[in-house]
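Colleague: Let me begin by handing over the structure; questions about it come next.
The values are calculated or read from the model by the stated rules, or taken from the named source; none is laboratory data. In this text, all values refer to a predicted model and were calculated from it rather than measured experimentally. Reconstructed Cβ throughout: ideal geometry from the backbone, glycine too, with neighbour counts over all protein chains shown.
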Amino acid sequence: MTEHHHDAGGTDAGTAAQLWDERYRSRPRVWSGRPNPQLVAEASGLQPGSALDLGCGEGADALWLATQGWTVTALDVSAVALERAAAHAREVGQDGNIEWVQQDLATWVPDRQYDLVSAQFLHSTLLPWQQGLRLAAAAVRTGGTLLIVGHHPDGLPSWGNHHSHEQYFTAEEVAQELRIEAPEWRRDVLDIRVRSATGPDGEAAELTDAVLRATRIAR
C-alpha cells in the first residue's frame, strides 16, 4: 500500500500507541515506502519551507518532502514506526532534514506554524477525523498550505476494516467542518480522484481519494 492510512491516536494514548506498535512489529514493512501520490501531485509546485507531516507512519512522505528541500516535522503515535522511519532517513542521508516526534493527536497541540501541513489518511477508530484535521488547519501559517487527503466514503478499500463510514469524509465535508472559506482561506483544490492501488496481499483495486488543498490568507 502507498498511503499510511494511519490511526493518529485516540482518547487512550497508551492504547493507540500499543495498537500501532504491535501492527508495525507484525511486519518488517507495513507500507510501500512510496510517498502518497496526492502529496506528490499537490506539493511538487510549492516553494519548499517548513512542513508538518501528521501521522507519518514509516516516513515515506516525510522523506519525499525532505528530498524536495523541505525541513520536516514528522509526527506519529507509534515509536516503532518512527524508529523505522528514522533508520530509513539515515540510510538515504536525509536524517538532518527531518525531526521525528512521537505524539498522540488526541492530546497534542501545535506550538508553531508551518508553510505546509500534510494530513494523509488520518482515519482512526479512536479519534474523530474532525479533531485531527482541526489541529492540521491550526498549524498552517499565514501564507501557508493545508493539504488533506483521505479515503472518500464512496470508494473505500476492500481490504482491512473500512466499514465505519463516520471515519471517512469528502473534501466538501472537510471544508465545511474546518471553515475553509474566505477571508481566512483560499480554496485551491476540492476534488475527488480515483487511482489504482495495490492491497497488502498484492490485490489490485481502485481507490477514491478526497483531496483538499487550501492557502491560509489571514488569521
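Conditions (1) surrounded by 13 or more Cβ atoms within 10 Å (Cβ to Cβ); (2) part of a loop (DSSP other than H, G, I, E, B); (3) in contact with a helix residue (DSSP H, G or I) (Cβ under 8 Å, 6 or more places away or on another chain); (4) among the polar types (S, T, N, Q), marked per residue:
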site	(1), (2), (3), (4)
Thr142	no, no, no, yes
Ile148	yes, no, yes, no
Phe169	yes, yes, yes, no
Ile180	yes, yes, yes, no
Arg186	yes, no, no, no
Ala197	yes, no, no, no
Glu206	no, no, no, no
Arg213	yes, no, yes, no
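Colleague: Let me ask something else about it. Is the stretch 159-182 home to any residue that is modelled with pLDDT under 95, at negative phi and touching a Leu at 6+ places or on another chain (Cβ under 6 Å)?
Modeller: Yes, some residue in the stretch 159-182 is modelled with pLDDT under 95, at negative phi and touching a Leu at 6+ places or on another chain (Cβ under 6 Å).
Colleague: So, one more: May I ask you to verify whether Pro157 is touching a residue at least 40 places away in the same chain (Cβ under 8 Å) and touching a strand residue (DSSP E or B) at 6+ places or on another chain (Cβ under 8 Å)?
Modeller: Details: touching a residue at least 40 places away in the same chain (Cβ under 8 Å): yes; touching a strand residue (DSSP E or B) at 6+ places or on another chain (Cβ under 8 Å): yes.
For Pro157, the condition - touching a residue at least 40 places away in the same chain (Cβ under 8 Å) and touching a strand residue (DSSP E or B) at 6+ places or on another chain (Cβ under 8 Å) - is met.
Colleague: Also: Can you name the number of the only condition in (1) over 29 Å from Arg112 (Cβ atoms); (2) surrounded by fewer than 18 Cβ atoms within 10 Å (Cβ to Cβ); (3) free of Cβ contacts under 8 Å to residues at least 60 places away in the same chain that His152 fails?
Modeller: (2)
Colleague: Name the one entry in Val101, Val72, Val109 that is modelled with pLDDT of 90 or more, in a loop (DSSP other than H, G, I, E, B) and in contact with a Leu (Cβ under 9 Å, 6 or more places away or on another chain).
Modeller: Numbers: Val101 fails: in a loop (DSSP other than H, G, I, E, B); Val72 fails: in a loop (DSSP other than H, G, I, E, B).
Selected residue: Val109, the only one of Val101, Val72, Val109 that is modelled with pLDDT of 90 or more, in a loop (DSSP other than H, G, I, E, B) and in contact with a Leu (Cβ under 9 Å, 6 or more places away or on another chain).
Colleague: Looking at the stretch 43-55 only, could you name the residues that are in a loop (DSSP other than H, G, I, E, B) and modelled with pLDDT of 95 or more? Steps first, answer last, please.
Modeller: Just the residues of the stretch 43-55 that are in a loop (DSSP other than H, G, I, E, B), to begin with: 44-49, 55.
Residues satisfying the conditions are Ser44, Leu46, Gln47, Pro48, Gly49.
Colleague: Quick one: how many residues across the stretch 67-79 are crowded, with 18+ Cβ neighbours inside 10 Å and under 21 Å from Thr15 (Cα atoms)? Please lay out each step first, then the result.
Modeller: First, pick out the residues of the stretch 67-79 that are crowded, with 18+ Cβ neighbours inside 10 Å: 70, 72-78.
Within this subset, residues satisfying the condition of being under 21 Å from Thr15 (Cα atoms) are 74-78.
Of the residues in the stretch 67-79, 5 are crowded, with 18+ Cβ neighbours inside 10 Å and under 21 Å from Thr15 (Cα atoms).
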